[in-house]
Amino acid sequence: MVGAGFGGIAVAAELLRHGMADVTLLEAASGPGGTWLHNRYPGAACDVPSHLYSYSFAQRASWAHVFSHQEEILRYARETADALGITPRIVTDTTVTSCTWDDSTRTWTVRSRRTGSEGEVEEERVADAVVLATGQLDKPALPAVAGLDDFAGRSFHSARWDDGYDLRGKRVAVIGTGASATQLVPEIAPLVGHLTVFQRTGNWFLPRRDRPMPAFLNRAMRWPWARRAWRRLLHHGIELLTLCIRHPRTFGRVGALLSAAHMRRQLPDPGLRRKAWPDYPFGCKRVLLSSDFLPALRRPNVELVTDGIARMTPKGPLTEDGRLHEVDCVIHATGFRTNTFMLPMEVRGADGRSIRDVWAEGARAHLGIMVPGFPSLFLMYGPNTNTSGGSILFFLEAQAAYVRRALELVRGAGAAALDVRPEVEEAGLRALRARFEGTAWQSCSSWYRTPDGRNVANWPGYMGEYAAQTRRPASAEFRFIPSRAR
Ligand code: N01
């Protein structure tokens, strides 16, 4: 298994629970937690309610907040890994560089680089199956702005927060207004001397009223049936957002009206409202859940700048209107290099084919999990399995169960591995692409889509549909590779 974030933990838990004990997790970081280990910016939190953003098999009765904060989620990941016996199987500080299928031994060779006190050590392991749980949002992207390195002050990315830098009283620029910026801007605005927020595109907002978890709710959650019922209710509530995105002309309008009302309430000044307003249909990009970002823009020490950044200078960003914004610190809240999945890791399948070549026209995988020609190689949170509002943990659990069932098929067939049939993947992909037609996702460019417009990040339907489609991998969908002994 590559990665010990929520995906790696989900699949390790599933395999261990079903008696598949020979499990090793290779993790580049110093511990488990994945995205919740790396994203430690002030205000980092989840915008999915706590009772839903947690594994169904490791439910907690009690959460501190309605929307859990980063520290609590990271603690939950660590405690879950400890409780399920996963922690001792995690090999940390180990970056996997390549996974290579060997046609003769019918096994995978996994090469990695471990960083320790003795420096860097190259390692090699052999595996019957490989699960890549490296995520979709793990490689921070800097803005494509000329002269970025010329800036003489402090700069860092939101996903690599510089804890050692004291922002108090400083002149700070935040570039970007996505989900990360939306969370960190309200936290740092009261601390800094002056804050300039650079926005390229406005966003649609819905309220997110975070507060300590009501005691009665935590009390009620002592009963497993109450937790199940509450999770189901939250799940269906969140599916309403997908309904709006799937049907922009009908349900989407109602979503857009509610969002516009929320935004008007939060931005009474028409000038600021005009600047912050999105220029694309509701739901095309991620709808941001926040009740404190727009009010933060109204603070006297905060300025929203919508002129494009022409270039970075030693003193700060120079915008296209010729204005120099002198700052002490630049925070890049500019998201991630997306649609690359596990790349640049080298992954070679049958006949030495590189996944990079297979994905030359965009990443693709059967149910986001299996790629033809790569036997017993599984992806967690792979192509077309992102959700625009639901709980990614729901998808991860469905994928983990799929991996386990597929490995049971291998065992049942006495085979070495299984490979999804190309025609099965192709048919699934055609159906999937057709489902994007007419949805809000197709009406603007976003990190979900390739430059030629294909959405390779998102699942186009409801969460329940994904669970149904992944529930029973059928033998007929695969080619079984006999084991050498037979
Ligand atoms: O990144 P983003 P993010 N000048 O790519 C802007 C998840 N997440 O880290 O929209 C000015 O969304 C860019 O502008 P534009 C969630 O899935 C979840 O915020 O491309 N601006 C955009 O505003 C989310 O979708 C939580 O025009 C520039 C911003 O940078 C994903 O992570 C919390 C620019 C990047 O936004 C990524 O979110 C946080 C430039 N030159 C994140 N270049 C939860 O609550 C780029 N931008 C669970």
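Since every read-out is calculated from the coordinates, none of them should be taken as a lab result. For clarity, every value in this text was computed on a predicted model and none was experimentally measured. Methodologically, a virtual Cβ is constructed for each residue, glycine included, from the backbone with ideal geometry; neighbour enumeration extends over all protein chains shown.
How far is helix 70-83 tilted, in degrees, relative to the longest principal axis of the Cα atoms in the chain, given as a value from 0 to 90 rounded to the nearest 10?
20
Which values of log₁₀ I(q)/I(0), to two decimal places, follow from the Debye formula for the range 97-213 at q = 0.13, 0.14, 0.22 Å⁻¹ with a uniform point scatterer at every Cα?
Taking Cα atoms of the range 97-213 as identical point scatterers yields -0.80, -0.85, -1.35.
For n ≥ 4 DSSP H runs only, could you compute -39500 (n - 2.57) per run for the chain, divide by its residues and tell me the 222 nm figure to the nearest 500?
-9000 deg cm²/dmol
What Kirkwood radius, in Å to one decimal, follows from the Cα pairs of the chain?
23.8
How large is the Kirkwood hydrodynamic radius of the range 316-358, in angstrom, based on all distinct alpha carbon pairs?
Taking the inverse mean of 1/r over all distinct Cα pairs, the range 316-358 comes out at 14.4 Å.
Figure the gain on full extension for Glu118 and Thr97 (residue separation times 0.36 nm, minus the Cα-Cα span) and round it to one decimal in nm.
Residue separation times 0.36 nm, minus the Cα-Cα distance, leaves 5.6 nm.
Is any residue of the range 293-319 close enough, with backbone N under 17 Å, to a label point placed 7 angstrom from the Cα of Tyr280 along the Cα-Cβ axis, and if so, which?
Counting backbone N atoms under 17 Å from the label point, the list is 308.
Taking neighbour counts of Cβ atoms within 10 Å as a proxy for exposure, in what order, fewest first, do Asp419, Asp351 appear?
Asp351, Asp419
To the nearest 20 debye, what is the magnitude of the charge dipole of the range 286-369 about its Cα centre, counting +1 on the Cβ of each Lys and Arg and -1 on the Cβ of each Asp and Glu?
Working: 11 positive and 11 negative charges, 44 e Å.
The dipole of the range 286-369 has a size of about 220 debye.
Reachable lysines from Lys139, Cα under 24 Å, same-chain residues fewer than 8 places away excluded?
Lys285
Taking a Cβ-Cβ separation under 4.7 Å as the criterion for a possible partner, which cysteines of the chain have none?
When partners are defined as cysteine Cβ atoms under 4.7 Å apart, the chain leaves Cys46, Cys99, Cys244, Cys329 without one.
Find how much the distance from Glu408 to Asp149 grows on full extension, using 0.36 nm per residue of separation minus their present alpha carbon separation; answer in nm with one decimal.
88.1 nm
Neighbour counts of other C-beta atoms within 10 Å: give me Tyr462, Tyr381, Tyr76 arranged from fewest to most.
Values: Tyr462 18, Tyr381 28, Tyr76 21.
Going from sparsest to densest Cβ surroundings: Tyr462, Tyr76, Tyr381.
May I ask for the distance between the Cα centers of the range 92-126 and the range 27-61, given as a whole number of Å?
27
Please order Glu239, Glu14 by the number of other Cβ within 10 Å, starting at the fewest.
Placing the least packed residue first, the sequence is Glu239, Glu14.
Aspartates and glutamates within cross-link reach of Lys315: Cα-Cα under 13 Å, excluding same-chain residues under 8 positions apart?
Answer for Lys315, where 13 Å is the Cα cut-off: Asp149, Asp150, Glu326, Asp328, listed by chain and number.
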